[in-house]
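The values are calculated or read from the model by the stated rules, or taken from the named source; none is laboratory data. Keep in mind that what you see is a predicted model, and the values were worked out from it rather than measured. Backbone-built Cβ (ideal geometry, glycine too); neighbour counts: all protein chains shown.
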Amino acid sequence: MVQKVEKIWLDGKFVPWDQANVHVLTHTLHYGLAVFEGIRCYLCNDGKSAVFRLREHIDRLFDSAQIGDLKIPFSKKEVSEACKETLRVNKLKEGYIRPIVFIGEGVMGVYPGDNPIRLAIATWSWGAYLGEGALEKGIRVKVSSYTRHHVNVMMTKAKISGNYVNSVLAKREAMKMGYDEALMLDTEGYVSEASGENIFMVKNGAMKTTPLTSILPGITRDSVIQIAKGKKIPLVEDRFTRDEIYTAHEAFFTGTAAEITPIREIDDRTIGQGKTGPVTKELQAAFFEIVRGKNPEFKEWLDYL
Ligand code: PMP
């Protein structure tokens, strides 16, 4: 259960958590067109709190809105400030921020007409997304029976609510079968992304990740690429198949919620030694130092509250 806090920002005003409600005829609820973000704020060493790569998340929110043809009735600056203010009013030193832009009530046809475009920002505490011990021990993954979206069917570069029906189906299927997460293939059969994460593999010390063609351009993915470049770890963005990843020495997921989660098994095949590999460990350590403000080289990525 999500841990309730005091207030939610709704259309420019703070309202009590329990009163942040919408009408059942909210257009988005029926047809799935909303765009949202998932952002994390970390408590740093010096006791201050910093939102990780807020600018990039707000840019992606506005890009998603552009793709979904939704006009956000606030500026980027206003939305960024509101994200930080929502953490402050809820006295959260560390937590997750969820802005969502959705189509309100009015007409009920698929054509949304002049229905209002609304924006809510909620915050809550969120620990390890893929479960206790996931970040240390790694998780078990199943290639999904559900194919990830084709670029001409759903807009894969946008974080659109409706895209997540595919994610929910895949995630539920994997969990029911006793796995922790679903890995989806694209319409041509190549490895795509997970229900809420991008994927990396490591073989002989070199990294590979899915190209951005038909996946969500993950901000954690980009952070890992930049960290790896700084460490001179070879990396390519190229398509790969499920049998290629079966023989990887290491594999891991990246995501704001999942952070850098090692994968210890895919389709019942042990990956590498079945535990967090050395490259994954090194990247994880670097990532957590950066988000907690311990690496001044990456201070541009932190937005202090
Ligand atoms: N792919 C999907 C489908 C996602 O939902 C997410 C989570 N936002 C990601 C990848 C990772 O993106 P990010 O690192 O920006 O959170």
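What to note about this one:
- For the range 58-77, the set of residues classified as more than 16 Å from the ligand (Cβ to nearest atom), in contact (Cβ under 8 Å) with a residue 12 or more places away in the chain and within 22 Å of the chain's Cα centre (by Cα) consists of L70, I72, K76, listed by residue number.
- Some residue of the range 164-182 being within 12 Å of the ligand (Cβ to nearest atom), among the acidic types (D, E) and assigned to a strand (DSSP E or B): yes
- Test: residue in the range 266-274 that is among the basic types (K, R) and more than 9 Å from the ligand (Cβ to nearest atom): yes
- Only one of the numbered conditions (1) within 13 Å of the ligand (Cβ to nearest atom); (2) in contact with a Ser or Thr (Cβ under 7 Å, 6 or more places away or on another chain) is violated by A134, and that is (1).
- Selection from the range 216-249 of residues that are of a type in the set (V, I, T) and surrounded by 13 or more Cβ atoms within 10 Å (Cβ to Cβ): I219, T220, V224, I225, I227, I233, I245
- Taking the numbered list (1) part of a strand (DSSP E or B); (2) at pLDDT below 95 in turn, I97 passes all entries but (2).
- Extreme residue, nearest to the ligand (Cβ to nearest atom), among residues of the range 197-218 that are of a type in the set (A, V, I, L, M, F, W, C) and assigned to a loop (DSSP other than H, G, I, E, B): L216
- Annotation note: of Q3, Q66, the sole residue that is touching a Ser or Thr at 6+ places or on another chain (Cβ under 6 Å) and either assigned to a loop (DSSP other than H, G, I, E, B) or surrounded by fewer than 18 Cβ atoms within 10 Å (Cβ to Cβ) (or both) is Q3.
- Residue in the range 147-155 that is touching a Pro at 6+ places or on another chain (Cβ under 9 Å), on the phi < 0 side of the Ramachandran plot and within 15 Å of the ligand (Cβ to nearest atom) present: no
- Residue selected from the range 219-245 under the condition away from the ligand (no atom under 14 Å from the Cβ) and free of Cβ contacts under 8 Å to residues at least 24 places away in the same chain, by the criterion nearest to D180 (Cα to Cα): D243
- Filter result (basic (K, R) and either surrounded by 18 or more Cβ atoms within 10 Å (Cβ to Cβ) or touching a residue at least 12 places away in the same chain (Cβ under 8 Å) (or both)) within the range 155-178: K157, K159, K171
- A194 touching a residue at least 12 places away in the same chain (Cβ under 8 Å), away from the ligand (no atom under 12 Å from the Cβ) and in the same structural domain as K142 (by TED's automatic domain parsing): no
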